[in-house]
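One structure is given below, encoded as structure tokens.
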Amino acid sequence: MTTASPSFKIANRSVGEWISSLPTLIILLITIFVASGEIIHSQLLKVGENTWEEYFLLRGAGVVGEPTCDKNPDIDEQVRRTVEQREADAADDPLAGMFGTDIDEDAIRRSIERSVQVCQGRWSRFERIEERVTPGVRAFRTVEVGVSRMITGIGESKRTLLALLVLICAATATFSRHHIAIRPVRTVRDHYVSTTALLAANTMLFVSSIQYRERQLMSIAEGISVSHYNLNLIWITGFGVLAAINIYHLAKRPAGLEAGGNFGKALLTIPLYGFMSLTAGSRFMLDGYYHGMSVYLGMMMEHSTLFLNLALYIWIGMMLKQTRMAQLVFNVLRPWNMSPELLCFVVLLVTAVPTAYTGASGIFVIAAGAVIYSELMRAGARPQMALATTAMSGSMGVVLRPCLLVVIIAALNNQVTTTELFGSGVKIFFLTAFLFFIYSQFARKEPARIAPFREALPESIRRLKPLIPYVILMALVIMFFGQLLDRRLDEFSAPIILPVILLVILLYEYVFSKKTAEALGLDADKTSGNEARPTGFEPALRKATNETTGHIGALLMLMALSVSVGGIIERTGLMESMPSEFASIWIAAAILVVTLVGIGMIMDPYGAVILVNATIAQVAFAAGIDPLHFWMITLVAFELGYLTPPVALNHLLTRQVVGDDEVEKSKLTTGSFWDRYEKFLLPIAVMLTALVVVAFLPLAWDGLHEWLFKKVAVGG
């Protein structure tokens, strides 16, 4: 995304790239540096300890001053002075006689001798350390301490980095009209309704930030300490810029809009975060809580590391989009000549892993949705089924390691661990995949087919060759982190390691891939999907970052306002209206399922998890539902919500990457109800069935519950 006309450039870069994409890239690189820097510093300390005994003490040499005590004092003289001082004090104290005037010189001498021993120990340690500080120690210590100070200094500014990232990217998404809405802007009325509503929403955020600033100043005047005082200035400036962009859009509407328009449909073009801001802001104002949205933005900042990691996952997804990997994987599948329904099933199995590694369902849809849709259409899939599969491609892997959403759940409460969640998630993944296979086969329009193994297998194996270098590069990066930095690839290190892997792959593709492909007798010039890819490492990285900027702005603004919507739900006591006791665990499960699906339909996953953990989770636990069981229900219910109208976030993201015109062409006016709405009905049928099975069957069979939600003993 760029925020300026591409016709005007500076150093062959648009103005938008200088003021939005470049700062975004810098913040993302700083985030990786801070996270990897902590690992590097830990390894430096290990190297120091392994190289020089007591390095932890040696690193303080020259920094910690020499002891100030006298290591060879005249003990007799000190005893004499102490006795004289105590006698003088007793003479001046009129009450001294009541407690006795005897002075124990032996006790004084023992005390001074012990102090001298302590002092001599300090001097001995200091001199020993100074003697052992070689030029090598000094050089190593300079590097190690420098890294420590740099990492600590930058790490303390994570909230500021996140606030800057959100607002820079939000400004980009606003200027480029990239925010997520149910319908795209097509008519003049759509434009004015959408832009006016956004102006009102951003003005509310601006006013809320100013009100919060005034509260901070009042607290300071009363002598109350205020943390992160300057952070609110970023919000005030940022929301002011967003409102100014809306005013500019009202003054200069885009060309090519259709005349007229329907007011009811125009309301659907208002970005979702705008609806949330208007709803939350209005409610807070009615309560006299004018700075409410800023308070909940502060709560988002408390989880700055998680949201910065989410931004990294978006960047990972956009870099993945610039590679040939998705195209090469489809090349491997093509010789099997599978029927469309079977190919859709295989695609969902294959895409589950990258979905887990890109952090959330929506990110993978953005990254690979266009390729998935075009390849399914090329294989003869119905447009409605291709759209359904594209939307679901981001749903299957959210329960697999190392999905960030699962990590957040484990971080927010101590009833479950990531090992337990991912263990149950694998079983639920295969259940969901099996259900998709069954439903898709019942809905097929032609006989199932697959090419003979003797024909397809050799060709498929031959097409695996171009993927070998990618596997080798991934293994080398993972080995580098594992062997040199002692960090294996898991849910905690993935946000650090995966960007490095993608950067290495981009560098490989645009430096070595053509020569490698020629050596293997393959075509290296194929593009990914229907979109021509830039040639060169820097152009590819720049394009990935440009797209990342808009997507971060759209998704993080949606998440930021979801936290405020969660605040409304929490403040209105809606969750407290749920009964604290249920007639049976079955009724409790049914009510919780409906509630969780409803939340998934209106909130983003991360904001929803925070809300659910603070409210509904405790109700479920009190009703007798096992924590691990509850969170698996929650994950499946959320995915059902993201695939269910009226919002259906995954379908909205599919529309963004596939194109409005393509989605409109896929609509049917004839045929059965299923045929006309298959893109919604197929995912709903699969996820609803999975939700019913996961939520209720384990309550009926203890053996199934024990197998599906197996607890992992601590240390086991």
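The values are calculated or read from the model by the stated rules, or taken from the named source; none is laboratory data. Keep in mind that what you see is a predicted model, and the values were worked out from it rather than measured. Positions of Cβ are generated from backbone atoms using ideal geometry, with glycine treated the same way; all protein chains shown enter the neighbour counts.
Computed values, structure above
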quantity: Top-ranked residue of region 665-711 - restricted to ones that are of a type in the set (Gly, Ala, Ser) and modelled with pLDDT of 95 or more, ranked as nearest to Ile591 (Cα to Cα); calculated: Ala695
quantity: Residue check, Ile32 hydrophobic (A, V, I, L, M, F, W, C), surrounded by 13 or more Cβ atoms within 10 Å (Cβ to Cβ) and either modelled with pLDDT of 80 or more or touching a Cys at 6+ places or on another chain (Cβ under 8 Å) (or both); calculated: yes
quantity: Which listed residue is in a helix (DSSP H, G or I), surrounded by fewer than 18 Cβ atoms within 10 Å (Cβ to Cβ) and touching a Lys or Arg at 6+ places or on another chain (Cβ under 9 Å), from Leu250, Leu233, Leu217; calculated: Leu233
quantity: Single residue of Thr196, Thr152 found to be at pLDDT 95 or above and assigned to a helix (DSSP H, G or I); calculated: Thr196
quantity: Criterion: surrounded by 13 or more Cβ atoms within 10 Å (Cβ to Cβ), among the β-branched types (Val, Ile, Thr), modelled with pLDDT under 75 and farther than 24 Å from Met318 by Cα - qualifying residue of Ile103, Ile108, Ile75; calculated: Ile103
quantity: Selected residue [in contact with a strand residue (DSSP E or B) (Cβ under 8 Å, 6 or more places away or on another chain) and in a helix (DSSP H, G or I)] from Val207, Val143, Val137, Val166; calculated: Val137
quantity: In region 376-410, residue surrounded by the most Cβ atoms within 10 Å (Cβ to Cβ) [restricted to those that are in contact (Cβ under 8 Å) with a residue 60 or more places away in the chain and more than 25 Å from Leu691 (Cβ to Cβ)]; calculated: Arg382
quantity: Cross-chain or 6+ apart pairs with Cβ under 9 Å, region 476-496 first and at positive phi, then of a type in the set (Ser, Thr, Tyr) and assigned to a helix (DSSP H, G or I); calculated: Asp486/Ser42
quantity: From Ala163, Ala201, residue being surrounded by 21 or more Cβ atoms within 10 Å (Cβ to Cβ), modelled with pLDDT of 95 or more and within 21 Å of Gly298 (Cα to Cα); calculated: Ala201
quantity: Meets criteria (of a type in the set (A, V, I, L, M, F, W, C) and in a helix (DSSP H, G or I)) for Leu682; calculated: yes
quantity: 3 or more residues within 20 Å of Met557 (Cβ to Cβ), of a type outside the set (Lys, Arg) and in contact (Cβ under 8 Å) with a residue 40 or more places away in the chain: qualifying helices (runs of 4 or more DSSP H) within region 583-679; calculated: 585-602, 605-614, 627-642, 649-658
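Yes or no, residue by residue, for (1) in a loop (DSSP other than H, G, I, E, B); (2) more than 15 Å from the chain's Cα centre (by Cα); (3) under 25 Å from Leu312 (Cβ atoms):
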{"site": "Thr389", "(1), (2), (3)": "no, yes, no"}
{"site": "Ser395", "(1), (2), (3)": "yes, yes, yes"}
{"site": "Val398", "(1), (2), (3)": "yes, no, yes"}
{"site": "Arg401", "(1), (2), (3)": "yes, no, yes"}
{"site": "Ile409", "(1), (2), (3)": "no, no, yes"}
{"site": "Asn414", "(1), (2), (3)": "yes, yes, no"}
{"site": "Ile428", "(1), (2), (3)": "no, yes, no"}
{"site": "Thr432", "(1), (2), (3)": "no, yes, no"}
